[in-house]
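Read through the structure below, which is laid out as structure tokens, and then see the notes.
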Amino acid sequence: MPELPEVQGYKVYIDSTSLHQPIKAFECRDNRLLKVAKSEFEKALLGAELTATKRIGKYLFLETTGQKILVMHFGMTGRPNYYKDVEDRPKFGHIVLTFENGFHFAFENKRKFGWWNLIDSIEDYKKEHDLSDDARDLSFELFAASLSTRKTHIKKIIMDQSVAAGVGNWMADEILYQAQIHPKTKVEDMDESALRKVFDAMKEVIEVAIKHDAHYDDFPKNYLMHFREKGGTCYHTGGPIEKIKLGGRATYFSPEWQKL
């Protein structure tokens, strides 16, 4: 699933290809991918231009020259694709914008968990969906305040989009591995020093992932992603990586490195 680093890459891609071009056509093969009627998208987008993008967590907001803001969520397999020739339309490009310059923007969405929406205000949407500040921009004070009344394990909390918007499953595992914190650690048992370790690791993992365009093979050698599998070998201890379920999600950690 595209998480914060992947969606940041999509933002950069769209910024460099698809802004400030009048839209002359809108096509959607499956209206279930649209949160409002197709006619509303046609009304909002035809003749308009995409002018700027803003990412909050896994959500990408595209401002337009019209009155509406386009929201994209990439689901499990979504990604953007900018191309010229009609025959180059990707197989799973279920939503396509055509620009006056003859190029096209396809929203690839193989498993159809991604979607588009139209909204009036990013701030209102953020409040309505209980999104925190983007994890990349989040301050330690807001992060710590969000955890102050929580009574569950740290992994579940840092995946909560109202705490750290954009952090998903693999990122949570990596953050806790880098912080040397067991995923089952109860938040109420963590002092400020431990919270700071998680926060600093979150910031580091985000920047590393963005720097390498979320290409895991390019991550530093001590990153869990290189051996994130049951029976993998911990970089620090040489011990085995274990897999458990927390909150219904597969969780990988090193019990010798991340002691409970």
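The values are calculated or read from the model by the stated rules, or taken from the named source; none is laboratory data. Every value quoted in this text rests on a predicted model; they were computed, and no experiment measured them. Cβ: placed from backbone, ideal geometry, glycine included. Neighbour counts: every protein chain shown. SASA here: full protein model, heavy atoms, side chains in, ligands and nucleic acids out. Shrake-Rupley method; radii C 1.70, N 1.55, O 1.52, S 1.80 Å.
Tabulated results
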{"quantity": "Normalised per residue, the volume of the convex hull around the Cα set of the stretch 133-260 (Å³)", "calculated": "93"}
{"quantity": "Cα lying deepest toward the dipole's positive end in the stretch 111-164, options ALA144, GLY114, SER132, charges on Cβ", "calculated": "GLY114"}
{"quantity": "25 °C / 0.890 mPa s Stokes-Einstein diffusion coefficient of the stretch 79-140, Kirkwood radius on C-alpha pairs, µm²/s", "calculated": "172"}
{"quantity": "Placed amide H near PHE113: partners under 5 Å, 5+ positions off or other chain", "calculated": "MET76, THR77"}
{"quantity": "At 1.567 mPa s and 4 °C, Stokes D of the stretch 1-92 from Kirkwood alpha-carbon radius, µm² per second", "calculated": "92"}
{"quantity": "Solvent-accessible heavy-atom area per residue, rounded to whole Å², over the stretch 2-148 at 1.4 Å", "calculated": "47"}
{"quantity": "log10 of Debye I(q)/I(0), alpha-carbon scatterers only, for the stretch 121-208 at 0.15, 0.17 Å⁻¹", "calculated": "-0.49, -0.63"}
{"quantity": "The stretch 50-153: GluC sites (Glu not before Pro) falling in loop per DSSP and having at most 11 other Cβ within 10 Å", "calculated": "none"}
{"quantity": "Share of pairwise Cα separations in the stretch 26-156, more than 20 Å, in percent", "calculated": "52"}
